[in-house]
Amino acid sequence: MITCAEAVERLWAYLDDTLAPADRAALEKHLGICRVCCGEAEFAQELRSFLARSAGEELPEDVRTRLIASLDELDAT
């Protein structure tokens, strides 16, 4: 069984349908029993849907700045 950290690490690849079959099965097994990670997956799916719907809209500058800072912080880890 994978850990929550491993599940979160694989989440976006899972949503992109780019995980290897064994990794996908392991993640789905984890999501089937872990309410926290299942919530993370639901949030990520909703976020992806929102971003897709809003793709044509221009981000306010303060939101864009915070987003870039968050992405830079993630990249540094």
Cβ density ranking, 10 Å radius, fewest first, applied to L67, L31 yields L67, L31
By Cβ neighbour count within 10 Å, fewest first, E73, E28, E40 rank E73, E28, E40
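Could you please report the charge total around L19, scoring K, R as +1 and D, E as -1 over all other residues with beta-carbon less than 15 angstrom from its beta-carbon?
Local charge sum for L19: -3.
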For the stretch 4-76, whose charge dipole is built from +1 on Lys and Arg Cβ atoms and -1 on Asp and Glu Cβ atoms, the candidate among W12, S49, H30 with its Cα farthest towards the positive end is H30
To the nearest 10 degrees, the tilt of helix 4-15 (Cα long axis) against the first principal axis of the alpha carbons of the chain is 70 degrees
Residue-normalised 222 nm signal for the chain, counting each DSSP H run of n ≥ 4 as -39,500 (n - 2.57), nearest 500 deg cm²/dmol, is -25500 deg cm²/dmol
So the pair-distance distribution of the chain, from every Cα-Cα distance in 10 Å bins, comes to percents of 17, 40, 32, 11, 0
Expected sort for L59, L74 with the fewest Cβ neighbours (10 Å cutoff) up front is L74, L59
In nm, the gap between the two label points placed 7 Å beyond Cα toward Cβ at A55 and A13 is 2.4 nm
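Every number here is computed from the coordinates shown, using simple stated rules; none is lab data. Keep in mind that what you see is a predicted model, and the values were worked out from it rather than measured. Glycine gets a Cβ as well: all are built from the backbone with ideal geometry, and neighbour counts include every protein chain shown.
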